[in-house]
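The values are calculated or read from the model by the stated rules, or taken from the named source; none is laboratory data. Since the structure is predicted, the reported quantities are computational estimates derived from the model, not experimental observations. Note that we place each Cβ from the backbone using ideal geometry, even for glycine, and neighbour counts take in every protein chain shown.
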Protein chains: 6
Amino acid sequence: MKVAVIRRAHFNAAHRLHNPAWTDERNREVFGLCNNPNWHGHNYELEVKVTGEIDPDTGMVVDLGWLADLIRREVEQRFDHKNLNLDTEEFKQLIPSAENICVVIWRILRAQLPEKYDLHVRLYETPRNFVEYPV
Amino acid sequence: MKVAVIRRAHFNAAHRLHNPAWTDERNREVFGLCNNPNWHGHNYELEVKVTGEIDPDTGMVVDLGWLADLIRREVEQRFDHKNLNLDTEEFKQLIPSAENICVVIWRILRAQLPEKYDLHVRLYETPRNFVEYPV
Amino acid sequence: MKVAVIRRAHFNAAHRLHNPAWTDERNREVFGLCNNPNWHGHNYELEVKVTGEIDPDTGMVVDLGWLADLIRREVEQRFDHKNLNLDTEEFKQLIPSAENICVVIWRILRAQLPEKYDLHVRLYETPRNFVEYPV
Amino acid sequence: MKVAVIRRAHFNAAHRLHNPAWTDERNREVFGLCNNPNWHGHNYELEVKVTGEIDPDTGMVVDLGWLADLIRREVEQRFDHKNLNLDTEEFKQLIPSAENICVVIWRILRAQLPEKYDLHVRLYETPRNFVEYPV
Amino acid sequence: MKVAVIRRAHFNAAHRLHNPAWTDERNREVFGLCNNPNWHGHNYELEVKVTGEIDPDTGMVVDLGWLADLIRREVEQRFDHKNLNLDTEEFKQLIPSAENICVVIWRILRAQLPEKYDLHVRLYETPRNFVEYPV
Amino acid sequence: MKVAVIRRAHFNAAHRLHNPAWTDERNREVFGLCNNPNWHGHNYELEVKVTGEIDPDTGMVVDLGWLADLIRREVEQRFDHKNLNLDTEEFKQLIPSAENICVVIWRILRAQLPEKYDLHVRLYETPRNFVEYPV
C-alpha cells in the first residue's frame, strides 16, 4: 500500500542565466532579461514527494519532522538567501535554470533518503513557471 | 480518449496520532505534538480524481453534480466537524494519519464508483503537508 | 535526464453545455444550470506541461518565452473574452465542457510542438473543478 | 469590542460591457474585448465583511450559517450561472462592470442586514482584478 | 511616513463552541456541528499587522526576525497542536470562537509590542471564514 | 459612490539590505541573511489600489487597461529582472527594504495618477511577508 507524502518548503535566492562559452550577444539573445549581469532573484517554492509503504505501527510513510529537517539542512541552508552562481558549489559550473536546480535538489536529497523510498521534486520559480523531476 | 476530472472538497476534524500498543513515552517520541491526548485538528482539503472516457453525448467523463454529492455524502458527512478517533468507525482501530485517512477515503469512494473509472485521492492536512493514493 | 516544465496561462470565456440532438428538457436535466440558454462563464486557468531533455548549453528544456508566446497566440487569442459556442470554430459542433476544451487545447498545441516533447494539459474551470489530458 | 467577520462565496456568470447610448465603435474603443456582443464570463469570488460587537453568550458577531444562507439566497441564486445583462433585473439598465456588481451586491445585502452591522463587499472578477465597496 | 508590515503565521488546534450556561439542546441549536462534544479542529492562518514609521537607518518598520520570534513564542507555542478549551488558560472560561481567538491574540501581542506601533490581527479559521480585530 | 479598484502585478529582482554607514559586523547583525554581499532575490507581488467615483457612462472607476499599462511601464519595466541596488536610480542611496520599495512605487505611481484618485500600494516580498503604504 504505497502512499506519496509531499512536503512544501521555501527558499529565495539570486541567480543569472549565462553560458560563459558564448558571446554576450548570444547570451542576451537566448536568456533575455534572465541574463542580467547584476543578477535577479526569486522566491523558490519546493515540493518534495516521498513515496513508500505505510508503516502499520505509525500510520506514516516517513517521519515528517525528519523529512522537514532534511530539507532544511540540505536545501534551505544551502540555497536560502544565496547567490546561486557565486555562493554555491553546485552552480559554479552549471547554469542555475529551474530545470537544473530541480535536478540538483533531487540528487542531494536522493543521496540522503533510504533506498526504499521513491523521490520526486517539483520546483516553482514563480507561481506561473515550475518544473518537475523525474517525470 | 481518457480524461481525468478533479473535484476539490473540504472537511475539518480533530484527531490524535497514538499507538495504544506503545508506552506514552514512545508515543510522544514518535508523534510529538500530534500525540496531544486532548486532540488537535485540521482543515482537510481533498482532491478526488476520476479518470475515464469522455461521453460524446455530454462531453463529460462523469456527472460532476453526482460526484460532488457522492463526496458530500460519503466523506464530508462522515468526517466533517468530527473527532476522527472517537466519532468514526474507520479510525477506532486505525491511526488517523494523513496517509491512512487518504487510503480510507479512496476505499470508501472506490466502493461507490463504477468500475470503468480510475480513482486517485490527494489529501492536504495543511497547505504544506499532503499525501496521495494510489501512486 | 527528462524534466517537465509547466507554464500557467489564463483566459476567460462564456459557454453553454447543450446537446442539440436532445430535447430542452433532457438538456436541462443533464446539464442543469450549465444549460442556461443565455450563457454563463468562467476564468479558465491553464497549465501546459512540456517534457523533454535538458539542453546542456542552456540548462533549459524549452525556451519559456517561445512557449508563452505559443500559448498566447494559439490559446489565449483564440479563446480569451470569447463565447466558446458562438465565436470559435472548435466548439461549433462540440460541447465546450472542460473535458473537451482540455483535449482541444492539447491538440492545438501538440500540432505546434516539436515531436521530441511530451505534452500534458491541465485546465481549471473553477478553483474546485479541473481536468487533465492525457492521463 | 468590534470585530469584522468575512465570509467568502462564489458565483460564475456571463456578461458584456456595453453602453447602448454609444456607437459600436465607441463601445469597442472603451471596453475592448469586454464589449464582445456574444458575451464572455468570469468566476466571481466574493468576500462579504460584516462588522459588529461580539455577543458574549456566543462569542460570535453574526451567525455564520445565517450569513452563508443570506449570501446563497440573495447573491448566488440570483447571479450564479446567469447572463448578468439578460437574466437579471439589476443589470438590464446598468453596465455589469465589477464596480457596479460590487455596489449592487452591497445594496442587496445591506437591505437584509440588521442596522447594527457595518457591511463591506470585495469582489474578485479575476485573481488579478478586484474591487471594494464602500471604501 | 507610516508603513504597515504584515507577517503570516500558522497553528492548528482542536476546539468546541459551547456555552455551559445553556442546555445541550440550546447549544446544538446555536453552534450546530461546532458544538460536537468530542471536538473538531482547524488550521488557523494568522496575519499580524504592525504599523509604524520607517527607521531611516534600516529601511524597516520593525525587525521581522524579532516579530516572527514573538509570534512563535507567544502564539504558536501557546496554541499550536492544542485543544483550545482544555489546554489553554485563555479559553477555559471564554468560548474559542474565531472572533474571541482573534481578540485574545491581539491582547497577547499588544502587551509585548512597543507602544509606538499600531497592531491589527486577521485570523483565518478556514480559507472561506476569517475575522479581523480591531476594525 | 466611491469604489476601490485593485490590480495585481508582478516583478522579480535581486537586492541586498546594507547600510554603508555601518560596519560589516553591524550590518550582518541587523540584516542577517539579507545582508549577503552577493545578493539574494524575490518574486515581488504588487497590489495597486485606485479609489474614485464610478463613471456612470462606463461603470468603471478607472480604465483597467490604462492602469495595467501604467504599472507595466513605470514599475515592471523599471524593476523586473533587475538588481535593485545596482540597476535602479531609486535604490542607489536608499535601502531596498520591502517598506522602502513600497513607498517608492507609491510615489512613482502617484506622480502619474490624476489627483481625483486615492492610491494605496501593497507589496508582497514573500507570501508570508508583505507591506502596505499609506496606512
Set B:105, B:101, B:71, B:95: member being in contact with a strand residue (DSSP E or B) (Cβ under 9 Å, 6 or more places away or on another chain), more than 25 Å from residue E:13 (Cβ to Cβ) and among the hydrophobic types (A, V, I, L, M, F, W, C)
B:71
In the stretch A:70-90, how many are farther than 17 Å from residue A:16 by Cβ, within 12 Å of chain F (Cβ to nearest Cβ) and without any contact (Cβ under 8 Å) to a residue 40 or more places away in the chain?
1
Could you name every one of the strands (runs of 3 or more DSSP E) located completely within the stretch A:31-135 that has at least 2 residues being of a type in the set (Ser, Thr, Tyr), at pLDDT 95 or above and crowded, with 18+ Cβ neighbours inside 10 Å?
A:40-53
Go through (1) within 30 Å of residue D:102 (Cβ to Cβ); (2) surrounded by fewer than 16 Cβ atoms within 10 Å (Cβ to Cβ); (3) not hydrophobic (A, V, I, L, M, F, W, C) for residue F:10 and report which single condition fails.
(2)
Considering each residue of the stretch D:13-30, count those that are closer than 15 Å to residue C:84 by Cα, of a type outside the set (A, V, I, L, M, F, W, C) and either in contact with a Ser or Thr (Cβ under 9 Å, 6 or more places away or on another chain) or surrounded by fewer than 21 Cβ atoms within 10 Å (Cβ to Cβ) (or both), and give that number.
1
Of those in the stretch D:109-132 that are of a type in the set (Phe, Trp, Tyr) and closer than 15 Å to residue D:96 by Cα, the residue nearest to the other protein chains (Cβ to nearest Cβ) is D:130
In the stretch F:1-28, residue nearest to the other protein chains (Cβ to nearest Cβ) [restricted to those that are over 17 Å from residue F:131 (Cα atoms) and of a type in the set (S, T, N, Q)]
F:19
Residue pairs, Cβ under 7 Å, 6 or more apart or interchain, first in the stretch F:54-68 and at negative phi, second in a helix (DSSP H, G or I) and surrounded by fewer than 21 Cβ atoms within 10 Å (Cβ to Cβ). List them.
F:58/D:30; F:65/D:32
Would you mention how many residues in the stretch E:29-52 are away from chain B (no Cβ under 12 Å) and touching a helix residue (DSSP H, G or I) at 6+ places or on another chain (Cβ under 7 Å)?
3
Within the stretch B:41-58, can one find any residue that is closer than 20 Å to residue A:58 by Cα and charged (D, E, K, R)?
no
